[in-house]
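The values are calculated or read from the model by the stated rules, or taken from the named source; none is laboratory data. Quick caveat: nothing in here was measured; it's all calculated off a predicted structure. Ideal geometry is used to build each Cβ from the backbone, glycine not excepted, and the neighbour counts take in all protein chains shown.
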Amino acid sequence: MKTVCRKALITGSSGLIGSEAVAFFDARGWTVHGIDNNMRLDFFGPDGDTTRNLKRLRSVTRRFNHHDMDIRDRASILDLFRRERPDLVIHCAAQPSHDLAKDRPFDDFEVNAVGTLNLLEAARHSCPDSPFIFMSTNKVYGDAPNEVPLVELETRYDYADPAAREGIDESMRIDATMHSLFGASKVAADVMVQEYGRYFGMPTVCFRGGCLTGPNHSGAELHGFLAYMARAIREGRTYRIFGYKGKQVRDNIHSYDVCTAFMAFYESPRAAAVYNLGGGRANSLSLLEAKARLEALIGLKLKTEYVEDARRGDHICYITNLGRFATDYPAWRITRSIDDVLGEFAGQKALARG
């Protein structure tokens, strides 16, 4: 009996989540087509360059095909989908920075919103029954999470009401709030992905990610706070803390656990699904807490500069409530703790991939 080789198409395949997904599905016998034109280099300069990640993927995978392609190139995207007709689409490519979006609004919107539409249309015409996974962001909620009452503790902010302890769920509104232009372009993409699920009945999901992290993150100041902080400690760079006394809180999910969520959805897809995806309370850290722990692990002190003005639309305290995804996919769980994540950044041995 002939073995059927499943095929995945992954955008942003040299980035953090995209590259983890390439390796994850390749290891499971899939043929993987990756789309990436290293636009992080253009966005963030040398710190964002993903060339090393692409070389790593080529050395460790067996069925990976790289396509140096821009998702804004509609004709090329349509042609690739027609040729390959993937069994799964994972869309991770993005302009991912709050701050950069205001300086390059057309690039931001065309990559995040129009690029997503190009992919959705290509999938609708060539593989409408294949699950379409969109890596959205918790920034679609804008600064509405800041309306949740908070208490200031010694090293972090936290939710004042015990009933809010598990964090932000999908009932949080996405309108009538300041997003940053990046957040607004991701809202447009997020809603369009949902609409292709509802209107056309396609199996689509928006994963509204918290802080996505892992050892293959090309961290830059404008994106990837843990990766960049570890880099700043090692290289003696000055790390700028923007507002909130450094007590702003993020929950962190390892790229491997994001990929197992992708697989869970592929195996049991739904139409127009929306899930918050992050590390949850157990994997939450403030900037001050992350600084102290990475300094202890690396054995060096971080130079810091405090900037009084916080980033516009930024969250003060964001912890992902994983309740909806855990209910729909009870076999899925977080396997990488915050200790594991920090240990990898500190240069300890990488964790085995299951």
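Below is a table of values for the structure above.
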item: Residue list for the range 211-234, restricted to those being at pLDDT 70 or above, assigned to a loop (DSSP other than H, G, I, E, B) and surrounded by fewer than 24 Cβ atoms within 10 Å (Cβ to Cβ); result: Pro215, Asn216
item: Lone unmet requirement of (1) surrounded by fewer than 16 Cβ atoms within 10 Å (Cβ to Cβ); (2) touching a strand residue (DSSP E or B) at 6+ places or on another chain (Cβ under 8 Å); (3) touching a residue at least 60 places away in the same chain (Cβ under 8 Å) for Pro128; result: (2)
item: Search result, residues across the range 278-313 that are over 16 Å from the mean Cα position of the chain (by Cα), of a type outside the set (Lys, Arg) and in a loop (DSSP other than H, G, I, E, B); result: Gly299, Leu300, Leu302, Glu308, Asp309, Ala310, Gly313
item: Leading residue by the ranking (surrounded by the most Cβ atoms within 10 Å (Cβ to Cβ)) among those in the range 144-201 that are in a helix (DSSP H, G or I) and hydroxyl-bearing (Ser, Thr, Tyr); result: Ser185
item: Those residues of the range 33-78 which are crowded, with 17+ Cβ neighbours inside 10 Å, under 19 Å from Asn118 (Cα atoms) and among the polar types (S, T, N, Q), in sequence order; result: Asn37, Asn38
item: Among the residues listed as Thr11, Thr31, Thr61, the single one being within 21 Å of the chain's Cα centre (by Cα) and among the hydroxyl-bearing types (Ser, Thr, Tyr); result: Thr11
item: Selection status of Tyr275, more than 27 Å from Ser171 (Cβ to Cβ) and either part of a helix (DSSP H, G or I) or in contact (Cβ under 8 Å) with a residue 12 or more places away in the chain (or both); result: no
